[in-house]
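Comments concern the structure below.
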Amino acid sequence: MLILFQLWEDMKMALTAIFTNKLRSILTTLGIIIGVMAVIAIVSIVNGMNRLFVDELLNLGGDVFMVQKMDIIITSNDQFRENMKRPDIRSDDLKNLIEACPAVSYISPNVYNFKRIKYNEKTSQPLMVRGTDLFQQYMKSQNVIAGRYLSFSDNTHARLVCVLGFDVAENMFPSEDPVGKTVKLGSWKMTVIGVMEKQGDMFGQSLDNYVIVPLKSFLKIYGFRRSLEVSIKAKEGRFDEAQDQVIGYFRRIRRVPYSDSNNFTVTTNENLINVYKQTTAVAYAVMIGVAAISLVVGGIGIMNVMLVSVKERTREIGIRKALGAKQLNILWQFLIEAVTLCLIGGGIGLTIGILIALLVRTNTPLPAAIPLWTYGVGFGIPCAVGVTFGVVPAYKASQLDPIDALRYE
Amino acid sequence: MSKNRVAIEIVDVEKVYQMGEVQVRALRGVSLNIDRNEYVAIMGPSGSGKSTLMNILGCLDTPTRGSYRLVGEEVSKLNDSRLAHIRNREIGFIFQTFNLLARATALHNVELPLIYSGRRKKERRKMAMIALDRVGLADRAEHKPNELSGGQRQRVAIARALVNNPAIILADEPTGNLDTKIGMEILELHSHRMVGFRDGSIEFDKINPNRL
Ligand SMILES: Nc1ncnc2c1ncn2[C@@H]1O[C@H](COP(=O)(O)OP(=O)(O)O)[C@@H](O)[C@H]1O
Ligand SMILES: [Mg+2]
C-alpha cells in the first residue's frame, strides 16, 4: 500500500514535469498512441471477423454450400464496387431452383441481423437474429431439444415466433421453460416455440448465441430490401455436380454473358476456412508490423525527449543531488517520467482504438468486440516501452556529477 | 556524529581546473579545522576560491589533492549513497545563486530535502511550512521563485537549508548580492536559528565584517 502510494506520488511529480511541456509530450507519445491504437483496433476487428465467420459456419454442414450476393472477403475498392453493383438475391429467384438442379436436395434462404432481445427486465447481449425457413434445420444435424422448429405455416403467415439457440435460452431463462414465453425483439413480441441443441464454441465464440425467426416475419420487422443468402444441400455424393447446376441456374436467370464471371458468390466450408486463414494471418501480420514499428519509433521518440529533458533539467538534477538525492532517486524519477509519458500515450491510444471498434461495430456488419486482455496490452506495452527506452536517459541523469550539474547553464 | 570535537578537518587541499592547456589552481594547499558549534567566516576577494572550497566542504565537489575528513570520515572514500545521505542530513547549503527549482513553489522547494529523507507527505508539508514561517514567508508558500523578490528567494533557500536540522550550515556569500537591509534581516534569522542548534556550526563566506 505504502509503495503504491509512493508510486502515485512519484507519478504526480512526473505529470507536473510532463504538463509543463504539453505539446512536446503529446507529439512524443504519438508513436505509442498509434501503436496501442493499432493493436486495439485490429484485435477488435479480427475478433469481429471471428464472430462473423462463426456465424457463417453455422450455416454450413458437410455437403452444404451457399450462394450470396457479396464475396466474403473484399480486398480492393474495385472488388467492392463490382460487388455493390450485383443484383440482390430475392425469394423469386429461388422458385425454380430445385427443379432446375436435380443434384440439390434442399435449399433454404437466410437473412441476418445483430440485435438484443428482451425478456421481462432482462436484455441479452447482441446476438445473431436469423430469418429463415423450416429447411434450414436439415442443413446441419442439429436437433430441437424443446418445443419445435419453424413450420411451413409459420413462414407463410409471417408468425411472430422464434426458436432460441441453446445459450440464449439458458441465459434468458435460467429457471423457466422458455417455450411459450414471449420475448421482445425491438418492439415486436415474439413467442418462443423451441430451443436448439447445444453446439459448443469455435475460436472462443459461442455457436449457440442466436435466435431464429421465420424469414417472412424477419422481412416484415427489418424491411424487405435485403439480399438473401441461400444455403443449399446437395444430394448424397453429388456436391460438385450440385454446385455446377446452381451456378448455371443463377447465370441463366441473371442472363450473365458467357465471357463474364459470376455476379454472385458460391461459398463452401473449405474455401471459407482458406479465406479466413489468409485474412486473419494478414491482419495479425499487419498488426504486429504496425504496432512494432510505431512502438519502436515511439520508444525512440520517448528516449529522445527524455534525453532533451535530462539536458534541460541538468541544474534541477544538480540541485536535487545537492539536497540529498541518491543516484537511484534520480534514476527512478526519470524512469517514472518516461513510463508515465508512455502510459498517457497508451491511454489515448486505447481510447481511440475503442472508439474505432465502436465505429466499426455501428457502421459495418462486423460485430467488432474488444477482448479484456487488450486493456492489459494497453497498459503493459507502454510500461515496457517506457522502461526500455527510458532507462538510458534516466541512467545518464543519475550519473551526473552534482557540481557539474549545478554549474550547467 | 561521533564525539570527535573536530567536525571538519581539511589538510593540504588543492583544486586544479584543467582548462585546455591552462591549469587554474583555485585552491593551493588549504588546511583548516572547524570545531562543533563554531561560527566561521571565510573571506577573500572574488576569484580567490571561496566557492570552490565551499563546494568541497559541502561534499558536492572533490579536491584534486589533499584530504577532507568530515567527523572523522574520509570523504573521498564514501560512495554515492553515503554522500547523498550526508548532503541530505548533515549539511544545509545556501548557494550564492540560491539554486531554487524554478518550476516549483516555495513550499515544494523547502520540501525537497525532506523527500530525500523519506519523510511522509503530511510530515513534510508541516515541517516545510514551519521552516517557511520562521523566515517569514508562510504567506508565500505557493509562490514560485519568479514571483518572489531576491530577498524572499534567499529566505526560501535559507528555509530549505534549515528544514532538515543539519549539523553544518554552509552559506556562500549570504549578504553578497543583496542590499544591506535584507542582508541584516537574514543575519538575524541565522542568529535566531543558531540558538536552536545545539550541534550547529555555521560557516559564513565573506560576511561584511562591519555587520558582524
Ligand atoms: N568550473 C570551473 N572551471 C574552471 N575554472 C574554475 C571553475 N570554477 C572556478 N574556477 C576558477 O577558480 C577560481 C576560484 O573560483 P571561485 O571559487 O568561484 O572564487 P570565489 O567564489 O572566491 O569568487 C577562479 O579563478 C575561477 O575562474
Ligand atoms: Mg563565489
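Would you mind checking which residues have amide H under 5 Å from residue A:146's amide H? H placed 1.01 Å from N; only 5 or more apart, or other chain.
A:195
Which distance in nm do the two modelled labels at residue A:225 and residue A:311 give, with both placed 7 Å along the Cα-to-Cβ direction?
About 6.2 nm, to one decimal.
Under 5 Å between amide hydrogens, which residues at least 5 positions from residue A:104 or on another chain qualify, with H placed 1.01 Å from N in the peptide plane?
A:235
I'd like the mean, over residues of A:6-14, of how many other protein chain beta carbons sit within 10 Å of each residue's own Cβ.
For this peptide, the per-residue mean of nearby foreign Cβ atoms is 1.
Select from A:70, A:80, A:408 the residue farthest towards the positive end of the dipole of the protein assembly as shown; place +1 on Cβ of Lys and Arg, -1 on Cβ of Asp and Glu, and compute about the Cα centre.
A:408
Using a simple spin-label model with points 7 Å from Cα along the Cα→Cβ vector, what separation in nm is obtained for residue B:147 and residue A:9?
Those two pseudo-labels are separated by 2.4 nm.
Write down the radius of gyration of region B:85-141 and its Dmax, each obtained from C-alpha positions, in Å.
Rg, Dmax (Cα atoms, Å): 11.3, 31.
How many lysine pairs does region A:88-241 hold where the Cα atoms are under 12 Å apart and the two sit 8 or more places apart or on different chains?
Within region A:88-241, the lysine pair count is 7.
Through the Karplus equation 6.51 cos²θ - 1.76 cosθ + 1.60, θ set to phi - 60°, convert the phi angles of region B:21-36 into ³J(HN,Hα) values in whole Hz; use x for Gly and Pro.
The phi angles translate into 6, 8, 9, 9, 9, 6, 10, 10, x, 8, 10, 6, 10, 10, 8, 5 Hz.
Could you give me the ³J(HN,Hα) list for region A:210-226, computed from phi with Karplus coefficients 6.51, -1.76, 1.60 and θ = phi - 60°, whole Hz, x at Gly and Pro?
8, 10, 9, 10, x, 3, 5, 5, 4, 5, 5, 6, 9, x, 8, 7, 8
What's the center-to-center distance, using Cα atoms, between region B:23-84 and region A:64-134 in Å?
Between the Cα centres of region B:23-84 and region A:64-134 lies a distance of 88 Å.
Taking Cα centroids, how far is region A:340-392 from region B:88-132 in Å?
39
So, taking all protein chains as they sit and a 1.4 Å probe, how much accessible area belongs to residue A:157, in Å² rounded to tens?
Per-residue accessible area (residue A:157): approximately 120 Å².
Suppose we look only past 19 Å in the calculated P(r) of region A:36-134. What percent of the Cα-Cα pairs does that tail hold?
Of all Cα-Cα pairs in region A:36-134, 62 percent lie more than 19 Å apart.
Quick check of the Kirkwood formula: for region A:306-409, what is the inverse mean of 1/r over all pairs of different Cα atoms, in Å?
After inverting the mean inverse Cα-Cα distance, the result is 15.7 Å.
Dividing the alpha-carbon radius of gyration of region B:1-91 by 2.2 N^0.38 Å (N being the number of residues), what value is obtained?
Normalised Rg, Cα atoms only: 1.11.
If you roll a 1.4 angstrom probe over the protein chains with everything in place, what fraction of the accessible area of the protein assembly as shown belongs to carbon and sulfur, to the nearest %?
The nonpolar share, carbon plus sulfur, comes to 57 percent.
Label-point separation (nm) for residue B:121 and residue A:362, each offset 7 Å from Cα along Cα-to-Cβ?
Rounded to a tenth, the inter-label distance reads 3.8 nm.
Roughly how many debye, to the nearest 20, is the charge dipole of region A:88-241 about its Cα centre, given +1 on each Lys and Arg Cβ, -1 on each Asp and Glu Cβ, and no other charges?
So the dipole magnitude of region A:88-241 works out to roughly 620 debye.
Could you give the radius of gyration (one decimal) and Dmax (whole number) of the Cα atoms in region A:88-241, in Å?
15.9, 51
Mind pulling the per residue volume of the convex hull built on the Cα atoms of region A:62-103? Å³ is fine.
93
Tell me the per residue accessible area of the protein assembly as shown using a 1.4 Å probe; a whole number in Å² is fine.
Per-residue value: 48 Å².
Once the Cα atoms of helix A:239-253 and of chain A are each reduced to a long axis, what angle between those two axes, in degrees from 0 to 90 to the nearest 10, is obtained?
Taking the Cα atoms of chain A, the angle to A:239-253 is about 80 degrees.
Tell me which lysines have Cα within less than 23 Å of residue B:15's Cα, excluding those fewer than 8 residues away on the same chain?
Reachable lysines: A:321, B:50, B:77, B:206.
Roughly how compact is chain A, stated as its Cα Rg over 2.2 N^0.38 Å to two decimals?
It is 1.35.
To the nearest 100 Å², how much accessible surface do chains A and B cover up together, summed over both, with a 1.4 Å probe?
Its buried surface, counting both partners, is about 2200 Å².
Non-local amide H neighbours of residue B:92 (under 5 Å, H modeled in plane, Pro and chain starts lacking H): which ones?
Placed amide hydrogens put B:168, B:169, B:170 under 5 Å from residue B:92.
Can you list, bin by bin at 10 Å, the percent of alpha carbon pairs in region A:277-355, starting at 0?
15, 34, 25, 15, 8, 3, 0
To the nearest 10 Å², what's residue B:39's accessible area with a 1.4 Å probe?
80
Across peptide A:315-322, what mean number of C-beta atoms from other chains lies inside 10 Å of a residue's C-beta?
6
Per residue of region A:380-387, what does 6.51 cos²θ - 1.76 cosθ + 1.60 with θ = phi - 60° give for ³J(HN,Hα)? Whole Hz please, x for Gly and Pro, Karplus curve as stated.
x, 4, x, 4, 4, 4, x, 5
The values are calculated or read from the model by the stated rules, or taken from the named source; none is laboratory data. No experiment lies behind these values; they were computed from the predicted model shown. Note that each Cβ is placed from the backbone with ideal geometry, even for glycine, and that neighbours are counted across all protein chains shown. For accessibility, only protein heavy atoms count, side chains too; no ligands or nucleic acids. Shrake-Rupley method; radii C 1.70, N 1.55, O 1.52, S 1.80 Å.
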